[in-house]
Each structure stands twice: as C-alpha cells, then as structure tokens.
Amino acid sequence: MGPGSMDVEASNPPASSSTDDGGGQIEARFADLCKELALGQSMERQGMAAFKESKKFLSTNMPAIGNRSPEEMERYWSAFVLYCVTRLGKGEVKEEKEGGRITLCKILRAAKLNVVAFFKEVPQLSLKASRILSGLYGSDWEKRLELKELQENVAQLMDLSRFYNKAYKEFFLLKDVSNAQQTEDSRSAQYVSDCYRFGWLLFLALRIHSVSHFNLVTCTNGLVSILAILVLHMPKHFRNFTIQDSVCFVKRSDKGVNLLASLCDKYHTSEDELRRMVEKTNELITDILKKQPCPASECKTENLDHINTDGLTYFEDLLEGKSLQSSLLMLEQYYDDAVNNKCELDERMFVNDKGSLLGTENLSGGAMGSCSMRWKFDAFASPARTMTSLSTPPHSPTSPLSVNYISSSKLAPVTPVSTAMTTAKWLRDVISPLPPKPSAELERFLSSCHRDVTNEITRRANVILEAVFSSNSFGERCVSGSIQSVDVIDRTWAKERKMEALKLYYRILEAICRAESQLLKTNNLSSLLSNERFHRCMLACSSELVLATHRTVVMMFPAVLEVTGLTAFDLSKVIETFVRHEETLPRELKRHLNSLEERLLESMAWEKGSSLYNSLIIARPDLAAEINRLGLLAEPMPSLDAIAVHHNIPYGGLPPLSSQKFDALPDQNGDARSPKRICGEYRSVLVEHSSFSSPGKERLLTFNCLRSKLAPLQSTFASPSQPSPTGEGETCAETGIKVFYSKILKLAAIRIRSLSERLQLSQQFSECMYCLIQRILYQRTALFFNRHIDQLILCSFYGVAKVLQLGLTFKNIVNNYRKQPQCKPQVFQSIFVNWPSANHNGRMVQEHVDIITFYNEIFIPTVKPLLVELAPARDVTEDKNNANAGPGSPKLSSFPNLPDMSPKKVSATHNVYVSPLRQSKMDALLSPSSRSYYACIGESTHAYRSPSSDLAAINDRLNSYVSGSCRRINSRLNFDLVSDSMVGGALGHPNGTLASSAAPATPNFPVKREQPDS
C-alpha cells in the first residue's frame, strides 16, 4: 500500500465532563469565589467579564491543559483569571477591598489550591489564555503580570528555606531528648522552634528592608548573618556543638574563634559582604525590635566564651523569655504590613503550616518536594536523625579551587545554594583580581587590526554591560510582588557584577585571540575583532554566567538576549568556544552553559524572529517562501547608540562610534540580522530554575562536538552570503547551517537513545528513529519552525512503532517521556500550528494544539512518505535514502556512537549507579589497603586477571570470614545513600529489547484517537 492510499482523519478529543452541568453553574461557582474574596463590585465585574470571555476556551480545551481532573482545572483557571484581573485591572478597583489588597495567596487559599501546584499549571494556562488576555489587557500583559519573576521567587525561597533548615539543625538541634523529661523537653523544643521562626522572620525583614532586589547569593549571605546572630545569642546549652573544638569553626586565633570568618569558610561567602550584612541585621534589630546594641567585647556572658568578640555586636536579652515572644510579635506585624502593602506571597509559609498553602508537590522533578511547609521540631530533633555538614560539591582536580571542595568527612549533596556559593567564590577568587581593562597581550591583538579597535571594544563592553546591569534592569522591577526603587545597595551590587562580567569577557577574549592567531598564523584578526555580533555574544555569555551564579530573579535567561539585541541562534555559536577557552570555569557553570545550549537548540533557535531563518533563506532557498509566509525573519539588531539611549547610558568620555562603521565590515553585508528579541512565550522557570543540574541529566556533549573540524571563529560570524573559508564552494550560511544541524542531530540522538532505553526498544528501532529525524530535518525542515524538537521525536516514536507494528501507544510514550529530565508538559500539550480556521472564514490562524491533533493533522500528512520507506521489507539503500533529499541535503549517517551517560543506573530496585573513575582520582582516593575492594574496569587490581575476576574476588572478600586474616564486615551495604533525584535522569535498562522488532512490509497508519495521559 503506497502513501497515497493511507487515509488519515482528524480525531476529536472527548468533551470535558466539566461542562456537563452547563456553563451557568461554572459561572455561579466563579461568582461565589469572587464573593468569598470580597472583591468589590467593580473588580467583580471585571473578573466575571474575563471569565465569560474565556468560558468557551475552558470548555473546548480542558483536555489539553493539564493532567488534573476537569473540576480541579476549573479551580486553577478561576484562580488564574482572578489573579490576572487583580494585577492587570484598572487601578481604582484595587482599592475597594478593605483590610488589604487581594494577593495571590488569598486567591489560592479561597480556591483551595497550593502555590506549588498552581505554578506547575501556570505555563499552560498562560499559553492557552494568551489571545484572550492580549485582547483584554494588551500584548504586554505577561510582562506586567510578572508571574515568571514570582515563580522564580518561590523556587529560590524553597531553596533558601531548605538551606536554613539544614544549617539550623546542624547548629541547634538537641541530641538528647529523653522521654523521662518530657515536660522540660517540650519547653526546650518550643523555645528552639520559636528561635527558628525568629530567624526566618528576621531574614524576611532583612530582605524587605535591606535587600532591594532578590538574588540567591545575596540572600544566602543574609541567612548566614542570621545564623551568626543566633550562634551569639541562643543559650549555650541549646548548641549542638562545642565551639572550641567544632569543625564548623576552623578560623581561630589566640583571641578565640573568628565566628564570621569561620562561617565564610564553611559556606563560601565573602567575609566583607557578610560583615556588611551582619551590620544591616544589627541595625534592623535596633530599629524594629528596639533593642540596645553594645560591643560584644564589653559583655560578660558564657555565650561568648572562646569567641573573638572584636567587631561583634551583642544584644543583652534578644532571645530570652518574654523578649523573644515580643520580638516575634513585632516581626510578624512588620511582615504583615509588608504583605498587605506589597507582596503577593506570604513567605512565612516556608516555615509555617497555616492553611497548607505551600504544598508538597515537586517543582522541578527533583527533591523540592522534601521541603514541605511544616517545620516539625519533633521530627528532626530525634537522636536517630543526624545531620551532616553542608559542604560544597567536589570539583575537578584541575580546578584551582579544588583544594577547598573536598570535605574531610562526608560529601554533602549538591544544592542550588551550595552551587551558587561555590561559583560565586570562583568569580571572587579568580575573576575579580583581574584588571578591568584589556591586558597588554590583548591590546597587542586589538592594535594589530587594520585599525586600532581598542576604543571600540572598551566602549561597546561598557555600554552593553551597563545596559545589562542597569537601573532599568534591576531597579523598577518586581520582587515578590513589590516594586522597590534603586538605592545604594543596588548600585553597588550592580557595579560589582558588571566588573566581574567585564573582566571575564576580557580574559576569554584574550584566550580566543591567542588561539585564532595560532590557527591563522597572524596577529591581524580584523574580521573577528571588528564583528559587532561576535562581541555582543561574548558579552552576553559573560553576563549570563554572572547572573546565573547569583540567580537574580529579575534578569533570568533569556533576558540577557533582549538587552543585547541578540537571538538564541547567535548565542549558540559561541557557547562551545566560550567554554573551551576558559580552563578554570567551574563544572557547574559549564553545565549551565550546556543546559542553555540544549534550550537554544531544542526550541529557542527555531522561534519566530531568530536569525537562524536569515541564514536558512540563503542556505536553503526552497524554504524562503514558507519562512516569509510565517514572518519568521529576524529584525535588524539595534545599534549600540540606540541601546545607550534606551538605557540612559552616557558615553562617559569614550569616543562615540561613527555610524557603527564596524558594521560595514564583512559581518554586515548581507548580514543574518539579529533582532531586538521580544520574549512573548511563557517559559516555566520552576521546571528549569535549578540550571546547575545533576550529573545524571542528559548532556549534549557540546564541548566535544566537531572539535577537530572547527574552522576559524571569524568565519562563524561572517556574512551568510560570503564564501566559506572551508574551500568546499559553499557560503558561510551553508557552513553554519551544517554545524547547527549536526548539533541538532547530536541532541536528537541522545534523546532518542534515552527514551528508547526507557521503553526497552531495540537498536534497530533507534536506527530507524534517527534516520527519520535526519530526513525530517533535511527534507521537511519546516516542521521544526516554531516548534520543539521533542514534539517531532515523540510523533516519530509513534509513527515508527506503527511502521514496525510494535504495540506502543502514545500514552506509553508520553508517560515515559515525563520521566526524562528535559520534560515539560507544554511540549506535548501545546504545539504550534498555522492552518485555516472555520471561525475566521478560512483564513490562516496560528494556534496551539495537543500532540494527538498535531500528529494526525500535520505530522502524518507531511512525513508519511518518509515513514513508508522505513518499512523492514523495503530495501532502503543509501542511494534510496538520498534519492529524494532536499537541496543541499547530505548523505544520511548511521546512529552515532554516543558515550555512556555517567553516572548510569544499573539496578531497577536499588539506587546503584556506575561511573568511570579517572586514574588520577583513583590514585588520589584509593589507598593500597582499600584498592582491593574496588573493581577498576580496564585495569586489574592486585593480581587479578580480568574485571570479572575482580568482581568475583571482591564478592568473596566481602562475604568470607577467615579467622585472624580477614575481618568480617558486619554492616550491610547501603545503596540508597544517593537518591534518584540527586543523580537525575536514570537512563533505564541499557539493553532492553522487544521481541516483536520484526514487522510485515506494509505499514498502516490508523487514526490516533487516544489522548496522552497529560
């Protein structure tokens, strides 16, 4: 049966049961919710109008929104609409509510929803409601709503609350809780619980009062200052340590323990920054709690024994009896005023159980669910629950800071806070000491061009970085729902971050110039050093690393692209180069850049307005009509002067650039223009908020890709229409697209293999999948436009399974895809289509549909000729594969040899992972007496002859007991010390196969009518 005989019809999903009782009852329930919140007449009218406008959408699209029941989704939708109305509605209606404004917390509590679950549904709700809300409140409704910032705020507060919880337990947990002293212990437990709550409330007050923009490093410094206050003031008998011999306080002198220096050493904070934060905390205690400070050196109390009190402040009765209760009431009142006037969230919920508002669901597929909202003192005060110190993650031995990264005891789990602090330490120790100007060697390269470009380089760097770290970016922006103006703290912080990014930029630019000079055998690098887009990409990368380290709420990626006027495709060209030329870059920052590159390749580079399309119309003229029809081309990149004017940046004495003359160099003649990017599509930051992911997450292996075939970097940024220096008779656009396609296929191969292993599919299946994705990329490239690569992979899985007649359902595919580390529900719930609509008189409209509709209506009609050729009985030779290839399509390659992901799970019942062990690490970690307990694959231990002999000998050694010669091991090996969430995406069974891999010759494509288990 040929392709023409396959009849594929559209399938309509079943109607939602939420509408069975009629639209009137849905509106009545929404009206009841409005009355419960006492919105007031004007706001209630606005809310009902918005809800009625969206009621039709709610009825027809419920199955594609989320994985909850229709009744639940109705409550999520109602809460979302109310929040939009209260934030975006006219200003006068917001004053009708007596007793404080309507906050998100109040809305969720009335709707009986929790914060975590709400934010998990927000990306889909925003995407589906975009057209309705744009009509009601304008195209900028999403930016004004600021849900993305609020969402990141929630994620960071969860990270900070876990950090505070662990640190507090380590310092103040009572170990000896005796049932014989239950009444006394109950009072002690209540006191320690009150002190815990005092510390968190004091931190929230500090954040409102002194930290005028929210970032993870600054807030961690604030929490460490709170810990210092608690160590000084909590009674000595409540401590869980002895200060004179505790490993927590290693900085000491003849005067005693240097408390702040020891905490800095433990948590990798800056001592100067911590001292400033402690001073602000002391001022807060004086101003809000009305406590009188006195120099600690003048106080006589056992709390200060063996502590160097120089420069410390002490408050006599801060945490004593009635004073503590009074302080708690004042801090509660202070925060209540802040919540009523500014904040959307009640951040006390992170250590409180009022209303179960926080919830226990995972935010990012990791261990966030462990942070439930109740702080149960009796749960962690048990003697059986011990707490290891929060040390920092181990780093590569080549790192200059690696000596600080290995704890003398146990390695603590990597957390977002510990990662941010260690990477901030790298910036502080390695980058900050560098000069804030080009080095002598870099100046030599800059002056060796056709003309000296030093002034242009320095001015551009100052303008771009001033724009990224300007008051427009950090001043009048929302932090937890509050608008806070720029003050001295903001300007100081922004100036420090700008200098870090500037020094990092100059450092890596010098390394690149050195490498290019050796490659080209010349110091004249005019083409590269005069290229505006190249420098903006380098500055964007430097800024992003600084911003990612500090986890700023208001400048999350891709905000740096907006400010610099770049697109995702531009930035994807320099990430590998950036990493390769900075040897000391910490592992976490490499992972962050790798994670960004995955995001750029999988979807962002294919979005409307990407400069990829400006190169495609040159490299693939056959795609020009479709690109122009969809309006995908990039807008011109804004000039440097325009950016300076937009951000009110003075020239500062630097010479202005005459009409951007460097734009007239080869980069600009026929340039693939970069737009001033507008990020309209909502992105789920809670899914991706911890960008420093675990080693188990899939990796694109960017830094090994095509390294041996790299052309000079200047050709990467040359004009697309220029001849390529590779000498193969193609343009730079064609060469650039080839490199981009190779990265896309590498990413696709990794994800195909991972999902195939989860589904226990054969190697033959993976080969067919990879062949199909290659054909789609080269011959049906338009399917990628405005879409996510995983959407095409999921559809291809189902299509290939039908060709091979495997019993694989879409539900099974989607359920296993949910377990992938890169999974986002919107991938299979909202897919872009551009098709004629009956509601618009047959005119083409852009919509988002679920994956079943996309598969039936778009994917199969486009791809079924390619699927037919995959049938096993057809002799699909290499010539046949390439007979119908599109213009410029290369020969199809076989499935690439991918290195095993490490660490890899090897047990279905236990958390057992294997990972290659470098010889250098093996020699450093294994003593001669312990080496016999390890099987080092590839090198036999002792006199064993093979790895299998090694393993057998180890088992015998562990299980045997020889009196006098071998000590019996009486403890059971615990394979659950490392959790799945810590390792990340387990790859499943590596060699699982299906018996039914062979299939008849004739494929059949039945209409797909089931819905994914969404």
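The values are calculated or read from the model by the stated rules, or taken from the named source; none is laboratory data. In this text, all values refer to a predicted model and were calculated from it rather than measured experimentally. Don't worry about glycine lacking a Cβ; one is built from the backbone with ideal geometry, like all the others, and counts go over all protein chains shown. When the accessible area is computed, the model is the full protein with side chains, heavy atoms only, and any ligands, DNA or RNA have been set aside. Shrake-Rupley method; radii C 1.70, N 1.55, O 1.52, S 1.80 Å.
Selection within region 776-786: residues that are in contact with an Asp or Glu (Cβ under 8 Å, 6 or more places away or on another chain) and of a type outside the set (Phe, Trp, Tyr). The member of this set that is nearest to Ile858 (Cα to Cα) is Ala782.
Output the residues belonging to region 227-252 that are within 22 Å of Arg276 (Cα to Cα) and either open to solvent by less than 40 Å² (accessible area, probe 1.4 Å) or polar (S, T, N, Q) (or both).
Across region 227-252, the qualifying residues are Leu227, Ala228, Ile229, Leu230, Val231, Leu232, His233, Met234, Cys248, Phe249.
Per the listing Pro655, Pro621, Pro638, the residue uniquely farther than 29 Å from Ala748 by Cβ and modelled with pLDDT of 90 or more is Pro638. Beta carbons closer than 7 Å, at least 6 apart along the sequence or on distinct chains, pair a first residue in region 296-322 that is free of Cβ contacts under 8 Å to residues at least 24 places away in the same chain with a second that is surrounded by 14 or more Cβ atoms within 10 Å (Cβ to Cβ) for Ser297/Thr309; Cys299/Tyr314. Within region 522-549, if we keep just the residues that are hydroxyl-bearing (Ser, Thr, Tyr) and not in a helix (DSSP H, G or I), the residue that is most open to solvent (accessible area, probe 1.4 Å) turns out to be Thr522. In the set (1) over 23 Å from Thr564 (Cβ atoms); (2) in a helix (DSSP H, G or I), Thr584 fails one condition alone, (2).
Would you confirm, using the coordinates I've provided, whether Ser297 is closer than 21 Å to Trp200 by Cβ, of a type in the set (S, T, N, Q) and either part of a helix (DSSP H, G or I) or open to solvent by less than 50 Å² (accessible area, probe 1.4 Å) (or both)? Break it down stepwise before answering.
Numbers: closer than 21 Å to Trp200 by Cβ: no; of a type in the set (S, T, N, Q): yes; either part of a helix (DSSP H, G or I) or open to solvent by less than 50 Å² (accessible area, probe 1.4 Å) (or both): yes.
So Ser297 does not fit the description; no.
Hey, could you check region 658-672 for residues that are polar (S, T, N, Q) and either at pLDDT 90 or above or not in a loop (DSSP other than H, G, I, E, B) (or both) and say which is least open to solvent (accessible area, probe 1.4 Å)? Before the answer, list the steps.
Step one: of region 658-672, the residues polar (S, T, N, Q) are 658-660, 668-669.
Keeping just the survivors that are either at pLDDT 90 or above or not in a loop (DSSP other than H, G, I, E, B) (or both) gives 658-660.
Values: Ser658: 58, Ser659: 110, Gln660: 13 Å².
It comes out as Gln660.
When Gln46, Gln25 are screened for being at pLDDT 60 or above and open to solvent by 60 Å² or more (accessible area, probe 1.4 Å), only Gln25 passes.
Test Ser11 against the stated conditions and say whether it is open to solvent by 50 Å² or more (accessible area, probe 1.4 Å) and modelled with pLDDT under 60.
Values: open to solvent by 50 Å² or more (accessible area, probe 1.4 Å): no; modelled with pLDDT under 60: yes.
Spelling it out, it is not the case that Ser11 is open to solvent by 50 Å² or more (accessible area, probe 1.4 Å) and modelled with pLDDT under 60.
Against the list (1) open to solvent by less than 10 Å² (accessible area, probe 1.4 Å); (2) over 31 Å from the mean Cα position of the chain (by Cα), the condition Leu274 fails is (2).
For the structure I just gave you, tell me whether Ile208 is crowded, with 22+ Cβ neighbours inside 10 Å and touching a Gly at 6+ places or on another chain (Cβ under 7 Å).
Here the answer is no, as Ile208 does not meet what is asked.
Only residues that are open to solvent by less than 20 Å² (accessible area, probe 1.4 Å) and either assigned to a helix (DSSP H, G or I) or at positive phi (or both) were counted across region 758-767, and they come to 2. Among the residues of region 310-320, is there at least one that is over 16 Å from Met234 (Cα atoms), touching a helix residue (DSSP H, G or I) at 6+ places or on another chain (Cβ under 7 Å) and either among the charged types (D, E, K, R) or not in a helix (DSSP H, G or I) (or both)? For region 310-320, residues over 16 Å from Met234 (Cα atoms), touching a helix residue (DSSP H, G or I) at 6+ places or on another chain (Cβ under 7 Å) and either among the charged types (D, E, K, R) or not in a helix (DSSP H, G or I) (or both): present.
Total residues in region 35-51 satisfying the condition of being in contact with a helix residue (DSSP H, G or I) (Cβ under 7 Å, 6 or more places away or on another chain) and either closer than 18 Å to Ala129 by Cβ or not in a helix (DSSP H, G or I) (or both): the figure is 7.
For region 516-541, the tally of residues that are under 35 Å from the mean Cα position of the chain (by Cα), aliphatic (A, V, I, L, M) and farther than 13 Å from Val574 by Cβ stands at 1. Taking the stated definitions as given, is Gln763 touching a helix residue (DSSP H, G or I) at 6+ places or on another chain (Cβ under 9 Å) and over 18 Å from Glu602 (Cα atoms)? Criteria met by Gln763.
Conditions tested, residue by residue: (1) without any contact (Cβ under 8 Å) to a residue 12 or more places away in the chain; (2) within 30 Å of Leu230 (Cα to Cα); (3) out of contact with any Ser or Thr (no Cβ under 8 Å at 6 or more places or on another chain).
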{"position": "Gln124", "(1), (2), (3)": "no, no, no"}
{"position": "Lys128", "(1), (2), (3)": "no, no, no"}
{"position": "Ile132", "(1), (2), (3)": "no, no, no"}
{"position": "Tyr137", "(1), (2), (3)": "no, no, yes"}
{"position": "Trp141", "(1), (2), (3)": "no, no, no"}
{"position": "Asn153", "(1), (2), (3)": "no, yes, no"}
{"position": "Asp159", "(1), (2), (3)": "no, yes, no"}
{"position": "Lys166", "(1), (2), (3)": "no, yes, yes"}
{"position": "Phe172", "(1), (2), (3)": "no, yes, yes"}
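Against the definition (touching a residue at least 24 places away in the same chain (Cβ under 8 Å), of a type outside the set (A, V, I, L, M), surrounded by 21 or more Cβ atoms within 10 Å (Cβ to Cβ) and in a loop (DSSP other than H, G, I, E, B)), how does Gln822 come out, yes or no? Let's see the steps before the verdict.
Numbers: touching a residue at least 24 places away in the same chain (Cβ under 8 Å): yes; of a type outside the set (A, V, I, L, M): yes; surrounded by 21 or more Cβ atoms within 10 Å (Cβ to Cβ): yes; in a loop (DSSP other than H, G, I, E, B): yes.
So Gln822 passes the test.
The residues on offer are Gly66, Gly4, and the sole one that is at pLDDT below 50 and open to solvent by 30 Å² or more (accessible area, probe 1.4 Å) is Gly4.
In this structure, is Val224 surrounded by fewer than 22 Cβ atoms within 10 Å (Cβ to Cβ) and aliphatic (A, V, I, L, M)?
Details: surrounded by fewer than 22 Cβ atoms within 10 Å (Cβ to Cβ): no; aliphatic (A, V, I, L, M): yes.
Spelling it out, it is not the case that Val224 is surrounded by fewer than 22 Cβ atoms within 10 Å (Cβ to Cβ) and aliphatic (A, V, I, L, M).
Taking the criterion of being at pLDDT 90 or above, part of a loop (DSSP other than H, G, I, E, B) and either under 25 Å from Ile649 (Cβ atoms) or among the charged types (D, E, K, R) (or both), would at least one residue in region 452-468 satisfy it? Yes.
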